[in-house]
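> Structure incoming, see below.
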């Protein structure tokens, strides 16, 4: 918590905006491998505003995964600052980061990552359990979240009884049930066919349209095309940060008869 | 921007909207304060213990077979402890009961050498007591009211189509009626004339009556029975002393004249032991001493350390038996403790496998906000639940086993609450102790690595 306002202002030249969900300043990450130091991120500056939907892209080895781990508070930067939803998290201990993950981040993974022996609603309740939310409230909020992803009727099914798309929707419900500062989706459609991918993107877009900040890590341009903004990483640096003037609307695509898209 | 769907209630989505609406204070120092506030607000209770037990039970149920195998060691260990303690306590109770039935004035002389601690060694391999010894004691030692040599025989007793192997078939003197503290139910005890002429007569206890005559509904008196194919006439039936535990049924006896036993059954010139009765308990020590001196003299022994006989009073005999039961119990509890230890290692083993298998689950839990401490307590509680359940099942099985055995022996069923509590506490402790290392391993996993695990 050594963070100093002046330093920040000097660095950016702008007064801190109240609308930032994510603010990265000179963020560096290196790994120590024996005697060698392997730099992965060479100073990332990035602002993501509340309510944005951003795709982070980059080839493998670009530092994309490392950046995602830091954004998700699973890892800590070696240098630089990370302010998540107004909270400087770069100096926090792993224990504090666990609480931050619980409160402010909703993860959606490529492999869904649901607990197989729990029902859908049990999985959605899990983050609230760690937050210490009382049982009644937990159930209520979890079923609201499931309704939001159109799975209200499947609450008592186990993951094996659900299709891939449905499992991912459960995962999204789990991500949003704590009303996090952002949903961090890592290749959320990587294991899904194109039709189901559009479904998932439609849900993410719906959440985004209601104000949820969404950061989507992907290497598929098709998926990035649904986002308003695209950040491209290469060799540990941001090489492109562009606005997509006309993002695809998944809902509209779903209305059309099956669109030919790239294979799974 | 309406986050709440159709119903518009204030919920998850409502809160999210609020997040949008509240004007944010600038970052940095205010951000710190803001975080501090949020931290305070979230001074979270975490998962309650009850909740943790509930989810541990869920995990146990999700892996039924593995859970059973994990707890098996604990089940067997606790079951064994309960069973052993219960059986040895009921035996102790039986011995205490027969202690109270004892005649404190009775002395028994056994042949053979002794080792220290009252453990008899070499008995039977070396017969040294003779009928003449008994007669000499009766004539020369003062304060002795009655004496009888005893010839132990064993074998099957047959009456018509019934047969039975009594615990004791003994050749005795007529005075044994008084010595053994017996009452006649009907008929008479062995007469001095029977002894002189080695008549084939027998006096039987109630257990023998029950097993040979009751099924046929015949009065035993005057009937012919065969002991190891030698025919004997039943001349008396002893009154019941009362059963006191399985291994020591006093009514399971057949008495025949000493001379008859020697000639027809044992074929030995020696007596297995000599029983004698002292007129008063205060003379017991005196009689013991003078009997010892007399026998040493008769057997030509100058050094008491070389005595080829042992004199015991009945209380000593029972104490010996008591200590044997206790030693056996201690031994078995040791074995049970080892099996509990093995059970604990089994739990550790399976928990380690479980941690490895569930690495991804741990990663998921950490990603959505489980602290290391949460993961740690989850696995600790799982190990605790497994071993506590194993302990409960073990207590139930152990008590059932002890109950069945007590029914089979006809002994009393004693369930010691101390043993139950100890066994349960021990098994729960085993779970926590042996669950600690695997739980720590789980808690120390790196969430990034754990999430990547397939």
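> Would a scan of the stretch B:254-262 turn up a residue that is surrounded by 20 or more Cβ atoms within 10 Å (Cβ to Cβ) and modelled with pLDDT under 85?
No, that holds for no residue.
> While we're here: Does residue A:38 satisfy the criteria of being away from every other protein chain (no Cβ under 11 Å) and either under 21 Å from residue A:98 (Cβ atoms) or modelled with pLDDT under 95 (or both)?
yes
> Filter the stretch B:425-453 for residues that are free of Cβ contacts under 8 Å to residues at least 60 places away in the same chain and in a loop (DSSP other than H, G, I, E, B) and give the result.
Result: B:446, single match.
> Then there is this: Which of the helices (runs of 4 or more DSSP H) contained wholly in the stretch B:159-215 include at least 2 residues that are out of contact with any helix residue (DSSP H, G or I) (no Cβ under 8 Å at 6 or more places or on another chain) and within 17 Å of residue B:226 (Cβ to Cβ)?
B:206-212
> Moving to a separate point now. Could you look through the stretch A:61-107, keep only residues that are part of a strand (DSSP E or B) and at the interface with chain B (Cβ under 7 Å from one of its Cβ atoms), and pick out the one that is surrounded by the most Cβ atoms within 10 Å (Cβ to Cβ)?
Ranking the qualifying residues of the stretch A:61-107, first place goes to A:107.
> Scan the stretch A:203-219 residue by residue and report those that are touching a strand residue (DSSP E or B) at 6+ places or on another chain (Cβ under 8 Å) and within 21 Å of residue A:191 (Cβ to Cβ). Explain how you work it out, then say what you get.
Quick first cut of the stretch A:203-219, residues touching a strand residue (DSSP E or B) at 6+ places or on another chain (Cβ under 8 Å) only: A:204-205, A:207-208, A:212-219.
If the condition is that a residue be touching a strand residue (DSSP E or B) at 6+ places or on another chain (Cβ under 8 Å) and within 21 Å of residue A:191 (Cβ to Cβ), then A:204, A:205, A:207, A:214, A:215, A:216, A:217, A:218, A:219 are the ones that fit.
Here is a yes/no grid of residues against (1) under 30 Å from residue A:111 (Cα atoms); (2) at pLDDT 85 or above; (3) buried (at least 17 other Cβ atoms within 10 Å of the Cβ):
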{"position": "B:353", "(1), (2), (3)": "yes, yes, no"}
{"position": "B:364", "(1), (2), (3)": "yes, yes, yes"}
{"position": "B:380", "(1), (2), (3)": "yes, yes, yes"}
{"position": "B:410", "(1), (2), (3)": "no, no, no"}
{"position": "B:413", "(1), (2), (3)": "no, no, no"}
{"position": "B:424", "(1), (2), (3)": "no, yes, yes"}
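> Within the stretch A:143-180, how many residues turn out to be closer than 17 Å to residue A:113 by Cβ, assigned to a helix (DSSP H, G or I) and within 9 Å of chain B (Cβ to nearest Cβ)?
4
> Criterion first (touching a helix residue (DSSP H, G or I) at 6+ places or on another chain (Cβ under 6 Å), away from chain B (no Cβ under 14 Å), crowded, with 21+ Cβ neighbours inside 10 Å and modelled with pLDDT under 95) does residue A:200 satisfy it?
On the way: touching a helix residue (DSSP H, G or I) at 6+ places or on another chain (Cβ under 6 Å): yes; away from chain B (no Cβ under 14 Å): yes; crowded, with 21+ Cβ neighbours inside 10 Å: yes; modelled with pLDDT under 95: yes.
Judged against the criteria, residue A:200 is a match.
> Further, regarding this structure: Between a residue in the stretch B:182-195 that is closer than 14 Å to residue B:206 by Cα and any residue that is surrounded by fewer than 20 Cβ atoms within 10 Å (Cβ to Cβ), which pairs come within a Cβ distance under 6 Å, given they are 6 or more apart or on different chains?
Pairs found: B:183/B:239; B:185/B:239; B:186/B:221; B:187/B:221.
The values are calculated or read from the model by the stated rules, or taken from the named source; none is laboratory data. This is a predicted model, so every value here is computed, not measured. Heads up, the Cβs are rebuilt from the backbone with ideal geometry, glycines too, and the neighbour counts pull from every protein chain shown.
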